[in-house]
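Each remark here refers to the structure printed beneath this line.
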Amino acid sequence: MNTIPVDNLGKPAIQSPLALKKQKSFISDTASIIYHVHKEEIAKELDENGLTFFELAGPRETIYFNPKEITCGIVTCGGLCPGINDVLRAIVIELFERYGCNKVLGFHYGYKGLTSKSELEPLFLNPDNVDNIHTTGGTILSSSRGPQDPEEMVNTLIKRNIKILFVIGGDGTMRGAQVLVEHIKKRNLKISIIAIPKTIDNDLNYVEKSFGFETAVEEAMRVIDSAHVEAKGAPNGIGLVKLMGRFSGFIASHASLASSNVNFCLIPEVPFKLYGEDGFLACLENRVKNKSKRHAVIVVAEGAGQSIIEKTMDKETQDASGNIKFKNIGNFLKTEIEKFFSEKNVEANVKYIDPSYIIRSVPANAFDSAYSLVLAQSAVHAGMAGKTNILIGYWNHHYTHVPINMTIEKRKQINPNSRLWQTVMETTLQPESIFL
């Protein structure tokens, strides 16, 4: 058996204050959860290198840091997502009320807050000033994108006596955290970096579901249903909704299933044909011309169809994090649909909706609030135990410790042969001919 190794700052030798509170569910470092669940995959692993396991997250009976002597820090990076304030609140309350820490600093605008570029002093966080933040969207610390000088960030951690830094973010944030860990190791410092996965696209590897994803799907479903009403309210009405999903179509797919009013779902993982007798536009025409239908609802993820749109790779097409700035597939499709129907002298009423900023800025729903809380508590347990260079994952219904370098090896995407995508195809009844 191979349990994926996790970095530790040293041997935990301090009795956890949770033990004094009659905690009954301490987790051993030998406790683990299996990676594969399908018989065929397990058999293959047994034939090769043996089974792979993740170390389980949770409170340890002995911890590495003395809670009374350390300062903890928190940064929130990247785009907004439902549930960030829930995570912030839960971290602070767990540190203060359960472990007895009395100094937690929140750095403004992500990694920028750890550099001289920051114009704001860190915010001293405590249970009182985070008491109600989970009822609002966004993050009270604000956020930013882009890498910062790792040496300067480490210097700030030293200056502020930060022993545990909680990093809340997605793929780019994890890459930044990895660099930060490397520079901390080079300087032989005992500083823990604990990451919590925040990506509304749900595209972080080895994490079944990111917090905020359920809320995003729920909000997107409402938008799709509105697009359906609009489409049915006009001759040859076409409701076109663009949703988040640069490289992964999880929100588009799940929202399409939740609504069940979607006729075409286009995602980055499955290229599609726009033109030709069996292309998307021709199939769309057949749908709206059908006397029993006379309307259509289209959901497209922002990263879909990029090969159809002319794009370049120069600096102007990259954001502060180095991500490619995709062309607007929503506007492109709207234009091409209107042009296609106009050339055929067929009336088409296209209602285009892009709710991205609305969806990502709402408060978390009940599921994501509860999920965010446990992720945050697990992060605190890991940090206090001296774990470092890990992300709190969720796998096979268990919270886990995942080395950060594993999460950035590749991006999680929908397998076109998976049951998820086949269910989307069955539900939308979109013809397979439009896909390459």
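A few comments on the model shown:
- Candidates ASP128, ASP149, ASP201: the one that is over 15 Å from the mean Cα position of the chain (by Cα), charged (D, E, K, R) and either buried (at least 24 other Cβ atoms within 10 Å of the Cβ) or modelled with pLDDT under 95 (or both) is ASP149.
- Looking across the range 43-52, the residues that are closer than 20 Å to VAL402 by Cβ and surrounded by 10 or more Cβ atoms within 10 Å (Cβ to Cβ) come down to GLU45, GLY50, LEU51, THR52.
- Pairing each residue of the range 281-300 that is touching a residue at least 60 places away in the same chain (Cβ under 8 Å) with any residue that is surrounded by 18 or more Cβ atoms within 10 Å (Cβ to Cβ) and among the hydroxyl-bearing types (Ser, Thr, Tyr), provided the two are 6+ apart or on different chains, yields C-beta distances under 6 Å for VAL299/SER256.
- Considering THR400, THR407, the condition of being closer than 30 Å to GLU182 by Cβ, in contact with an Asp or Glu (Cβ under 9 Å, 6 or more places away or on another chain) and either modelled with pLDDT under 95 or of a type in the set (D, E, K, R) (or both) is satisfied by THR407 alone.
- Of everything in the range 402-436 that is without any contact (Cβ under 8 Å) to a residue 60 or more places away in the chain and of a type in the set (S, T, N, Q), the residue that is nearest to ALA258 (Cα to Cα) is GLN422.
- Between LEU20, LEU46, the distinction of being within 28 Å of GLU208 (Cβ to Cβ), at pLDDT below 95 and of a type in the set (A, V, I, L, M) belongs to LEU46 only.
- Flag for ALA379 being closer than 16 Å to LYS198 by Cα and at pLDDT 95 or above: yes
- ARG411 falls short of the stated requirement of being over 30 Å from CYS283 (Cα atoms), crowded, with 18+ Cβ neighbours inside 10 Å and among the basic types (Lys, Arg).
- Among the candidates ILE93, ILE74, ILE140, the residue that is part of a loop (DSSP other than H, G, I, E, B) and of a type outside the set (Asp, Glu) is uniquely ILE140.
- Unmet criterion (only one of (1) among the polar types (S, T, N, Q); (2) over 30 Å from LEU88 (Cα atoms); (3) in a helix (DSSP H, G or I)) for ASN405: (2)
- Members of the range 110-167 found to be without any contact (Cβ under 8 Å) to a residue 60 or more places away in the chain, of a type in the set (Val, Ile, Thr) and closer than 28 Å to TYR357 by Cβ, listed by number: THR115, VAL130, ILE133, ILE140
The values are calculated or read from the model by the stated rules, or taken from the named source; none is laboratory data. All values derive from a computational prediction rather than experimental measurement. Glycine gets a Cβ as well: all are built from the backbone with ideal geometry, and neighbour counts include every protein chain shown.
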